[in-house]
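Please treat every number below as a calculation from the coordinates, not as lab data. Predicted model only: the values in this text are computed from it and were never measured. All Cβ positions, even for glycine, are placed from backbone atoms using ideal geometry, and neighbour counts span all protein chains on display.
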């Protein structure tokens with residue numbers, strides 16, 4: 001069974017109020033569709049970083065986000081994970097304020113997760129995937145496919161080969 005790392009934007013889009021912005025509303029709908037129809041076909045994982053991010057903000061939203069994640073296994077932090085995070089931060093020029101994005105990547109690499117599911121396209125999009133894959137291939141490391149719920153629903157229908 002394939003595995004998916006659920007990044008913080010996924011539970012955030014699921015519980016957020018409907019947006020008037022068409023792009024955001026489309027992302028919300030795709031995320032809910034994934035959650036309701038597709039997630040059961042995969043092994044889901046999160047990290048403590050996701051739990052920590054989902055624990056911030058409005059108390060009602062925090063409860064709703066954490067309820068979605070309560071039965072999902074947590075990838076443990078390791079020294080190797082922290083080392084990869086530092087490497088990825090430098091390699092991908094991720095600013096210090098967004099370091100958690102390199103931690104998400106490192107969690108997927110160290111745990112051998114197949115997909116990193118996120119709407120964070122600034123640091124976890126296709127440009128990141130290309131650099132990450134090149135580095136990881138050179139060092140014989142696993143590379144997760146970085147994808148969105150929109151793309152993921154299509155991946156389920158037709159296997160995509162990125163490598």
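Can you give the angle from 0 to 90° between the axis of helix 99-111 and the longest principal axis of the chain, with both taken from C-alpha atoms, to the nearest 10? Helix 99-111 sits at roughly 70 degrees to that axis. Sorted fewest first by neighbouring Cβ atoms within 10 angstrom, 54, 89, 108 come out as 89, 54, 108. For semi-axes √(5λ) of the Cα gyration tensor in Å, computed directly from the structure shown, the correct entry in (i) 21, 19, 15; (ii) 24, 18, 15; (iii) 29, 16, 14 is (ii). Taking a ≥ b ≥ c as the square roots of the eigenvalues of the alpha carbon gyration tensor, region 1-57 is oblate, as a/c is not under 1.5 and a/b does not beat b/c. With contacts taken as Cα pairs under 8 Å at a separation of at least 6 residues, the chain carries a relative contact order of 27 percent.
Helix 126-138 and the longest principal axis of the C-alpha atoms of the chain enclose an angle of approximately 30°. Could you compute the FRET efficiency for residue 137 and residue 86, with r as their C-beta to C-beta distance and R0 at 30 Å, rounded to 0.05? Step by step, r from the Cβ atoms, then E = 0.95.
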